[in-house]
Amino acid sequence: MKYTLQTLAFLSLLLPFTGTPYAMDQEAACLDVNNAYIAGRSTNRFGVRQVGIMPKGKSKFLRELKLNGGSAIQRDDGAKRWEETDSGWTLDGGTYTKFSSCTPSSLKGKKGEKIYDFVWKSPPFEGNGTMWISQNGKMAKMSRERISPSWFAPTDKVVDIYDYNPKHAFIPDACKRGCAIVPSSPLP
């Protein structure tokens, strides 16, 4: 096929807007990741167990969160009480994590599950991550490994396990500001 100089000049102007096939694959993967994040967080009724991964691979419970409507409580490792926490865990709380450089992961998951690797940014924190997306399109699990100088957890690698069973997200009215009676939910 023969191209004129004008055609080549026109095509070179379009190239930055169309992207390369690899860039388009990354954009599609990041769309999946961001949609799963939004689908999970916008339910405003879920539980999260956060586990730290120690240097030799052993896991350590860090905290558990329950989010129900506008209320959010958490219980840190060793705490006997559930405490009120900010609503940054829901999209209503106004936080939105940024995912970039998304690619399909080489990890194997459950049937129908999608797994992506990405770079996670929630200033001032940044890490390499992996997200497991369930068949219903929500985050099932997300891991992040520190690459920024500051970090939000005592371990360099953190795994969040999401539970969308409304029973596990239930917060009694007496506990909206923290309490000692909310039972811990089992790991899914």
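The values are calculated or read from the model by the stated rules, or taken from the named source; none is laboratory data. Note that this is a predicted model, so its numbers are computed, not measured. Because the Cβ atoms are built from the backbone with ideal geometry, glycine has one as well, and the counts that use them run over all protein chains shown. Areas reflect the complete protein model, heavy atoms only, side chains present, ligands, DNA and RNA absent. Shrake-Rupley method; radii C 1.70, N 1.55, O 1.52, S 1.80 Å.
Condition check for GLN135 on (1) touching a residue at least 60 places away in the same chain (Cβ under 8 Å); (2) within 26 Å of LEU31 (Cα to Cα); (3) not hydrophobic (A, V, I, L, M, F, W, C): one failure, at (1). Taking segment 147-176 as the range and being closer than 22 Å to LYS58 by Cβ and in a loop (DSSP other than H, G, I, E, B) as the test, the residues that pass are ILE147, TRP151, PHE152, ALA153, PRO154, THR155, ASP156.
Selection within segment 157-176: residues that are of a type in the set (D, E, K, R) and under 16 Å from the mean Cα position of the chain (by Cα). The member of this set that is farthest from GLN74 (Cα to Cα) is LYS157. Across segment 96-119, the number of residues qualifying as closer than 15 Å to GLU27 by Cβ, open to solvent by 50 Å² or more (accessible area, probe 1.4 Å) and touching a helix residue (DSSP H, G or I) at 6+ places or on another chain (Cβ under 7 Å) comes to 2. Within segment 120-154, if we keep just the residues that are under 11 Å from the mean Cα position of the chain (by Cα) and β-branched (Val, Ile, Thr), the residue that is surrounded by the most Cβ atoms within 10 Å (Cβ to Cβ) turns out to be ILE133.
Out of all the residues in segment 161-180, is one or more in contact with a helix residue (DSSP H, G or I) (Cβ under 6 Å, 6 or more places away or on another chain) and modelled with pLDDT under 80? No, the conditions are met nowhere in segment 161-180. Of the residues making up segment 103-118, those that are in a strand (DSSP E or B) and without any contact (Cβ under 8 Å) to a residue 24 or more places away in the chain are ILE115, ASP117.
GLY137 - would you say it is within 23 Å of ALA39 (Cα to Cα), at pLDDT 85 or above, out of contact with any strand residue (DSSP E or B) (no Cβ under 7 Å at 6 or more places or on another chain) and assigned to a loop (DSSP other than H, G, I, E, B)? Please lay out each step first, then the result.
Working: within 23 Å of ALA39 (Cα to Cα): yes; at pLDDT 85 or above: yes; out of contact with any strand residue (DSSP E or B) (no Cβ under 7 Å at 6 or more places or on another chain): yes; assigned to a loop (DSSP other than H, G, I, E, B): yes.
In short, yes.
The rows are residues; the columns are (1) closer than 21 Å to ALA79 by Cα; (2) at pLDDT 90 or above; (3) part of a helix (DSSP H, G or I); (4) more than 17 Å from the chain's Cα centre (by Cα).
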position: ALA9; (1), (2), (3), (4): no, no, yes, yes
position: LEU14; (1), (2), (3), (4): no, no, yes, yes
position: PHE17; (1), (2), (3), (4): no, no, yes, yes
position: ALA29; (1), (2), (3), (4): no, no, yes, no
position: ASN34; (1), (2), (3), (4): no, no, yes, no
position: ILE38; (1), (2), (3), (4): no, no, yes, no
position: GLN50; (1), (2), (3), (4): yes, yes, no, no
position: PHE61; (1), (2), (3), (4): yes, yes, no, yes
